[in-house]
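The structure appears right after this line, and notes come after that.
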Amino acid sequence: MVTALLAFAVALGILITFHELGHYLVARLCGVKVLTFSFGFGPKLFSKRLGRDKTEWCISALPLGGYVSMLDERQEGMVVDPAEAHRAFNRQSVYKRFAIVAAGPIANILLAIIFYAIMAWSGQPEIRPVMDTPVAQSQAAQLQIQRLDQVVSFGDKKIEGLEDFNWAILEHIGESNVPLVLDRGGTRFTVDFDLRDIKIDEDSTSPFAQLGINLWYGYPVLFNIQKGSPAALAGIKDGDVVLSADGRYGLSVQELVNYIKDQGETSIRLVVQNEEGQAREVIVRPEVRAVDDGKGNLVERPVIGVNVGIKPNLIWLSKGPVDGLMAGVDRTISITKTTYKAVVQMITGEASTKNLTGPVTIADYAGKTAQMGWRVYLSFLAMISVSLGLLNLLPIPLLDGGHLLYYLVEILRGRPLPEWAMQAGQKVGLLIVLALGALALSNDFIRLIQ
């Protein structure tokens, strides 16, 4: 609990501060006087005035937000010195006001790009995107995808790691005839997937499962070779990787175990590879022994006297300065498209509103990702930063997107909306925000109970 709260507080501090800095910096560039920069709402716990304008920088009691207060003649109770009236927010052109308001959400999106770029620059291991035998009768099976087919590209995106493949599928949801390029033993070919019926829903299985795609995660690896066992007599060593059994390539751990069991005491021809990458063929003949069936019972079963694990099929991905930045841009675009599609599916009823999460769930994820390492936590921050930016761009009065909507109408009309219309919009926006917040909190508590 303490870890979750601390990780959540750090996340809020970074994301909200960067959001408000976007408003602050563009306001200063536009010549607007900034009176207050506050992290949080409510009573001020700490404040200090800095700079030529004596801007008040403060930390307030409620950390679920923040604000930048600017000189504005429309604000009730604010006295504006005539000598500084030209620096008031309301005196700026509609285009400057638009830029100042849009700067907050854009700052969050830029922050996500930076976070993803940092991960690309630092490098990280990823699972290679390799197919396993697809689910029978599924779309993947109908396209005759086979085990060990390696993904080269999907749509217009080059696929390097499994994460790339996952985001590429999410980005193309709702589309038909999306080309998947595969490499099968050095020969490339293309199949087209139909993603129109794929759902992004908490109640739905993953897009991979909906398409019938199974993924191949690596070869079986043998260890804890028992002295005098059939494996030891055949010359098998700790760390040997099983490439094939009697010509069957790409067996999973469970398939290899089952194959040995099914062969009885018939000799098996294994092709194994040692830790130096050298392959060799061995002949091993299982022997029937009394072994634990996993439930505390002894059963007679053919074994070769080893433990079997998996050697992950990993690739190290690291990018240079420009490529890393472009990878950050690409990943942020993918998340933006996926988020947009998820929102559309919720609005149209194709997806459940249970997908909407609130601060309790976010805090839980913050704690879990923080415990999994800085890369996972940074990825979480990047995703939340994009979500925060996109949320604020929704055309709902009270949010930044609502103000941008007012300014677009002002540009089209040639004059601002009447004050009564904007006040009515703010009331409607408040009701929408409160309703969404109540729904998100309700979902959070339901998850906790379940």
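Brief remarks follow.
- Between 0 and 90°, nearest 10: helix 321-348 axis offset from the chain longest Cα axis: 80
- q = 0.17, 0.22 Å⁻¹: log10 I(q)/I(0) that the Debye formula gives for region 290-401, counting C-alpha atoms only: -1.01, -1.38
- Nearest-ten-degree value, helix 359-371 long axis tilted from longest Cα axis of the chain: 50
- Contact order relative to length of region 293-450, as percent, for alpha carbon pairs under 8 angstrom and 6 or more apart: 22
- Rg/Rh (Cα only; Kirkwood hydrodynamic radius) as it applies to region 209-356: 1.20
- Radius of gyration, Dmax [region 164-230; alpha carbons; angstrom]: 18.2, 58
- When the solvent-accessible area of region 332-450 is split by element, carbon and sulfur atoms take up 72 percent of it, the probe being 1.4 Å.
- Straight-line cross-link partners of Lys48 among the aspartates and glutamates, defined as a Cα under 12 Å from its Cα and at least 8 positions apart when in the same chain: Glu56.
- Tail beyond 19 Å, pair distance distribution of region 15-161 (Cα, percent): 68
- Lys pairs, region 213-352 - Cα-Cα below 27 angstrom, 8 or more residues apart or on other chains: 11
- Degrees between helix 162-171 axis and first principal axis of the chain (Cα, 0 to 90, nearest 10): 50
- Per-residue [θ]222 nm for the chain (sum of -39500 (n - 2.57) over DSSP H runs n ≥ 4, rounded to 500): -14500 deg cm²/dmol
- Multiplying each eigenvalue of the alpha-carbon gyration tensor of region 328-388 by 5 and taking the square root yields semi-axes of 23, 16, 7 Å, largest first, rounded to whole angstroms.
- Rounded to the nearest 5, the antiparallel percentage of DSSP beta bridges internal to region 1-144 is 75%.
- The orientation-averaged projected area of the convex hull spanned by the Cα atoms of the chain comes to 28.8 nm².
- Where the chain is the region considered: accessible area per residue in Å², 1.4 Å probe: 53
- A viscosity of 1.002 mPa s and a temperature of 20 °C, combined with the Kirkwood radius over C-alpha pairs in the Stokes-Einstein formula, give region 25-78 a diffusion coefficient of 183 µm²/s.
- Pairs of C-alpha atoms in region 201-272 farther apart than 21 Å represent 37 percent of all such pairs.
- P(r), alpha carbons of region 1-54 - 10 Å bins starting at zero, rounded %: 19, 43, 28, 9, 1
- For region 348-450, the share of alpha carbon pairs falling in successive 5 Å distance bins from zero is 2, 11, 14, 18, 17, 13, 10, 7, 4, 3, 0 percent.
- P(r) histogram, all alpha-carbon pairs of region 64-140 included - 5 Å bins from 0, percent: 3, 10, 12, 11, 11, 8, 8, 8, 6, 6, 5, 4, 4, 3, 1, 0
- Sequence-separation-based contact order of region 57-111, relative, with Cα cut under 8 Å and 6+ spacing, percent: 23
- Derived scalar couplings between HN and Hα for region 392-403 equal 6, 8, 4, x, 10, x, 4, 8, 4, x, x, 5 Hz in order, rounded to whole Hz, by the Karplus curve 6.51 cos²θ - 1.76 cosθ + 1.60 (θ = phi - 60°), x for Gly and Pro.
- As a fraction of the 1.4 Å probe accessible area of region 1-117, surface on carbon and sulfur atoms comes out at 68 percent.
- Sorting 132-141, 311-320 by their mean Cβ neighbour count within 10 Å, with the most densely packed peptide first, gives 132-141, 311-320.
The values are calculated or read from the model by the stated rules, or taken from the named source; none is laboratory data. Just so it is clear, the structure is predicted and the values come from calculations on it, not from any experiment. Cβ coordinates were reconstructed from backbone atoms using ideal geometry, including for glycine residues, and neighbour counts include every protein chain displayed. For accessibility, only protein heavy atoms count, side chains too; no ligands or nucleic acids. Shrake-Rupley method; radii C 1.70, N 1.55, O 1.52, S 1.80 Å.
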